[in-house]
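Enquirer: One structure follows; several queries about it will come next.
The values are calculated or read from the model by the stated rules, or taken from the named source; none is laboratory data. Predicted, not measured: the structure shown is a model, and the values here were computed from it. Here Cβ is always computed from backbone atoms with ideal geometry, including for glycine, and neighbour counts include all displayed protein chains. Accessible surface areas use protein heavy atoms only, side chains included; no ligands, DNA or RNA. Shrake-Rupley method; radii C 1.70, N 1.55, O 1.52, S 1.80 Å.
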Amino acid sequence: MNTKKILITVLLLLIFISFFSKLVLAENRTKLIMIILDELDFDLTEKITQNTKNSVGIMNTKTGYFYSFKNEESYFLTIATGRRVKISSKSYKGIIKNRDGSLYIIGFEDIIRELKKEYLTFSREISTFGDFFNKRGIKIGYIGNDSSSLIAANINGYIEYGENKVVYEEKWLNDKSREILEKADILILSYELNNKEERIELLKKYIEKMKCNMIIFPKTISGDVNIKWNTTLVPVVYITPDNKEGLLISSTTRREGVITSLDIFPDAANLFGISTDRFIGSSIKIMPENRPILKCKNYLKEFLNLNIIKYIFHGIIIALQLFVIFSKNLEKQACKFLMYTILSIIFFSLLFGFFKIHKSIIIYCIIVLMSSFLLSFLLIKKEKAVKYLSIFTNILILYGIFLNNNIIYDSFIGYNNIVAGGRFYGLNNEIMGVLLATSIIVYFSIREKIKDKIVLSLFFIIYFPLIILALSGKYGVNFGGYITSILLFFILIYEMFYHSEINKSIILLIFGSIFFLLNFIIQFNGYSLNHIGKLLSRIETVGFIELFDVIINKLKQLIIMVLVPPWSIISLGQLYYVYGLYRDENICMRDFKDLNIGKCIYIIFIGSIISTFINDTGIISFVYMNTYLIAILVSLHNIK
């Protein structure tokens with residue numbers, strides 16, 4: 001009898017331990033709530049997170065559209081696929097609740113059909129957010145009744161748990177969320193504030209009570225972020241169970257306080273311990289910061305200011321060049337003054353990056369223009385003005401790349417358009433073109449001074465690989481510029497030894513050293529961890545069709561950039577100008593083609609052609625490289 005009692009007691013104890021263990025595991029299991037609001041600005045962010053420690057960032061919401069405004073379907077499918085896509089507006093038809101408690105998106109098969117037609121890779125192994133997690137045993141629930149449900153749906157348009165309505169009552173919202181999260185791991189909640197104080201207060205209480213990972217972002221731009229020129233940037237709030245506070249950042253942007261909508265999918269995967277190598281985006285990190293909202297407000301203002309400044313100075317530089325190119329009665333001194341002004345603008349843009357004067361557009365424009373006019377006036381009688389400006393500009397760029405990125409990012413020439421979202425970090429194609437052009441000028445300027453071939457070769461072997469390294473994935477992260485710089489390196493070596501009687505074994509030794517050096521750079525330049533590495537990972541997942549898709553997209557952008565003004569106009573103008581000089585018998589560029597300055601001109605032009613076709617926005621690097629070429633020509637002859 002006693003034995004029987006003991007066995008029953010042990011059995012009950014085991015049942016209790018098993019039940020308690022499951023309860024603890026369920027309590028400790030990772031949960032994520034994604035709250036999608038109809039509106040969210042920085043003031044609202046402060047209100048809803050008043051009593052909750054949180055991290056804040058600015059999220060770029062760009063979709064597959066180049067220039068037109070996004071629609072909600074494209075926005076949510078960009079999040080759901082982890083890549084920028086676009087589909088027809090109003091393709092979402094509604095959501096219904098089935099008898100078994102699941103939800104179904106009406107017409108979802110038409111949406112998938114459109115994606116497969118538009119994007120070749122989608123027909124392979126690219127999963128939607130809902131499908132990806134369901135296949136890995138991570139369940140998704142949804143509360144709401146709009147196109148945000150596209151994020152939660154599996155490939156057949158079903159959501160396993162959820163409600164196709166929202167009752168804006170504290171008890172209902174809390175109970176329903178907990179009920180779904182007992183069965184699901186991720187809950188997507190579509191919440192309409194409608195600018196109502198009671199709903200703001202309800203959301204605030206909801207955030208305080210639901211102790212789990214949360215990410216909160218809006219559908220559209222609204223309130224204090226709805227500023228002219230801002231078409232993609234919105235606030236995003238990130239809450240963790242351990243109450244981390246700070247600024248958001250990801251490897252996609254490498255910019256403090258900035259993430260993209262492409263980061264949401266991989267961040268959720270990372271939260272559940274799933275590898276993120278296959279994604280274009282990256283997981284989200286938190287940088288400690290006591291006043292993240294204020295910091296993000298300031299960043300947004302700076303980004304928009306730099307956007308405007310960038311367009312203003314692009315316009316000034318293009319206009320001044322067109323004036324030099326097509327004005328038939330312009331004096332030699334006037335041509336020099338205008339071209340030196342352009343080079344001075346680029347130089348001062350970088351120099352004033354130390355002082356953050358871009359916080360005021362008017363002050364920035366006045367200071368940069370007045371400084372440029374003054375320097376141009378002082379240099380107008382200097383024969384080597386272009387060389388001096390190129391050398392100091394080159395030094396500033398290299399300093400910025402290796403020691404202080406901010407002087408590049410805070411200059412109009414080096415600013416990456418955060419709103420457009422094409423590139424967030426590294427060297428854009430404007431400053432890449434300037435770096436390559438000034439590097440060629442620096443090399444030939446030093447070559448004029450150094451007559452000893454061995455010393456010159458040593459300088460070249462040290463200096464130009466430094467330029468290659470500056471453009472590599474470890475620093476400048478401009479793959480097109482990186483390839484262009486390597487090709488220019490070989491062109492310069494060929495030119496250096498073309499007429500030389502030096503022993504051929506020494507040339508082979510130099511080439512061997514170059515290959516060793518380039519191999520070293522390739523191994524450690526960071527591409528394996530970034531763009532190229534991720535592309536190779538995606539190719540491994542979906543096949544070479546992924547590479548084909550990337551190439552097609554790049555070619556589309558290249559064609560658009562080449563054909564669309566103002567770059568098409570100025571590039572044609574530059575070609576017309578250079579060709580006109582080449583044909584002009586009074587000037588005869590052929591007379592100095594064997595001189596250092598002539599070789600410099602030819603190699604800059606060849607480099608500009610290479611960079612045009614290697615980069616999707618290579619036409620911009622073409623324009624800036626040839627800006628320096630034209631400045632050299634203007635400094636040499638009275639060309640009018």
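Enquirer: Roll a 1.4 Å probe over the protein heavy atoms and report the accessible area of Phe459 in Å², nearest 10.
Expert: 60
Enquirer: At a temperature of 4 °C and a viscosity of 1.567 mPa s, determine how fast the stretch 56-190 diffuses translationally according to Stokes-Einstein, using the Kirkwood radius over alpha-carbon pairs as Rh; express D in µm²/s, rounded to the nearest whole number. Kindly include the intermediate steps, with their values, before the conclusion.
Expert: Numbers: Rh = 15.4 Å.
Using the Kirkwood radius from Cα pairs, D works out to 84 µm²/s.
Enquirer: Sequence neighbours fewer than 8 away in the same chain don't count; with that in mind, list the aspartates and glutamates whose C-alpha is under 20 Å from Lys336.
Expert: Once the sequence-local aspartates and glutamates are set aside, what remains near Lys336 is Glu383, Asp584.
Enquirer: While we're on this one: In terms of solvent-accessible area of protein heavy atoms at a 1.4 angstrom probe, what is the ranking of Phe352, Phe132, highest value first? Spell out each step's value before the answer.
Expert: Values: Phe352 30, Phe132 5 Å².
Result of the area sort, largest leading: Phe352, Phe132.
Enquirer: Per residue, how much accessible surface does the stretch 32-290 expose to a 1.4 Å probe? Answer in Å², no decimals. The partial results should precede the final answer.
Expert: Details: 10400 Å² over 259 residues.
Heavy-atom SASA per residue in the stretch 32-290 reads 40 Å².
Enquirer: How many percent of Cα pairs in the stretch 314-455 exceed 23 Å? Show your work: numbers first, answer last.
Expert: Details: 3951 of 10011 pairs.
The share of Cα pairs beyond 23 Å in the stretch 314-455 comes to 39 percent.
Enquirer: On to the next question. So what does the Cα-only Debye profile of the stretch 32-290 read at q = 0.07, 0.15 Å⁻¹, as log10 I(q)/I(0), no solvent term?
Expert: Listed by q, the Debye log ratios stand at -0.21, -1.10.
Enquirer: Over the stretch 340-386, give the accessible area per residue in Å² for a 1.4 Å probe, as an integer.
Expert: 49
Enquirer: Dividing the convex hull volume of the Cα atoms of the stretch 368-445 by its residue count, what figure in Å³ per residue is obtained? Show your work: numbers first, answer last.
Expert: On the way: hull volume 7.4 nm³, N = 78.
Considering the Cα atoms of the stretch 368-445, their hull volume per residue is 94 Å³.
Enquirer: So what is the relative contact order of the stretch 37-194, in percent, for Cα pairs below 8 Å that sit 6 or more residues apart? Working shown, then result.
Expert: Details: 247 pairs, mean separation 37.3, N = 158.
The normalised contact order for the stretch 37-194 reaches 24 percent.
Enquirer: Which loop trypsin sites (Lys or Arg not before Pro) in the stretch 417-493, with loop taken from DSSP, have no more than 13 other Cβ atoms within 10 angstrom of their Cβ? Walk me through the intermediate numbers first.
Expert: On the way: sites: Arg423, Arg447, Lys449, Lys451, Lys453, Lys474; in loops: Arg423, Lys451, Lys474.
Qualifying residues, ordered by number: Lys451.
Enquirer: Here is a follow-up. Which entries in the list Lys47/Lys165; Lys62/Lys176; Lys47/Lys205; Lys451/Lys599; Lys70/Lys219; Lys183/Lys211 go over 21 Å, if you measure between the two C-alpha atoms of each?
Expert: Details: Lys47/Lys165 25 Å; Lys62/Lys176 32 Å; Lys47/Lys205 11 Å; Lys451/Lys599 17 Å; Lys70/Lys219 11 Å; Lys183/Lys211 16 Å.
Going by Cα-Cα distance, Lys47/Lys165; Lys62/Lys176 fall outside the 21 Å limit.
Enquirer: Straight-line reach from Lys90: which aspartates and glutamates have a Cα under 12 Å away, not including same-chain ones fewer than 8 places off?
Expert: Glu72, Glu73, Asp110, Asp146
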